[in-house]
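Quick note: the coordinates plus some simple rules give every number you see, no bench work behind them. Every value quoted in this text rests on a predicted model; they were computed, and no experiment measured them. Cβ: placed from backbone, ideal geometry, glycine included. Neighbour counts: every protein chain shown.
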Amino acid sequence: MGLHRDLNEAAKIATREMIDFIVANKKLSRDDAYMLLSAAMDLVVTQAVDGTKGIHAMIPKGVFR
């Protein structure tokens, strides 16, 4: 999840967090994780009402079967 006043920065934070998660839990290199997420990750705006914007990064669990 990424939180920031700027929606683009929130998306960058969420993407970095997801890359870190995939590298740590699925033992992929950062480059491989980035390529996988560019094809399979969804970014969803979860908060846009107040000053802080929120983005969730999500990937289907089925990708790892």
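Counting alpha carbon pairs within less than 8 Å and at least 6 residues apart, what relative contact order, in whole percent, applies to the chain?
Reported relative contact order: 38 percent.
Can you give me the angle between helix 30-40 and the longest principal axis of the chain, using Cα atoms only, in degrees from 0 to 90, rounded to the nearest 10?
Taking Cα atoms only, the helix is inclined about 70 degrees.
By the scheme Lys and Arg +1, Asp and Glu -1, what is the net charge of all other residues having a beta-carbon under 14 Å from that of Ala39?
-3
At 7 Å along Cα-to-Cβ for each site, give me the label-to-label distance between Asp50 and Arg16 in nm.
Taking the two extended label points, one gets 2.3 nm.
Lys and Arg at +1, Asp and Glu at -1: add these up for the other residues within a Cβ distance under 10 Å of Lys53 and post the number.
-2
Need the full-extension length gain, Met1 to Ile59, defined as separation in residues times 0.36 nm minus the C-alpha distance. One decimal, nm.
Stretched fully, the Met1-Ile59 segment lengthens by 19.7 nm.
Which entries of Lys26/Lys53; Lys27/Lys61; Lys26/Lys61 show an alpha-carbon separation above 19 angstrom in the structure shown?
Listed pairs above 19 Å: Lys26/Lys53.
Given all pairs of different Cα atoms, what value in angstroms does the Kirkwood hydrodynamic radius of the chain take?
The answer is 12.0 Å.
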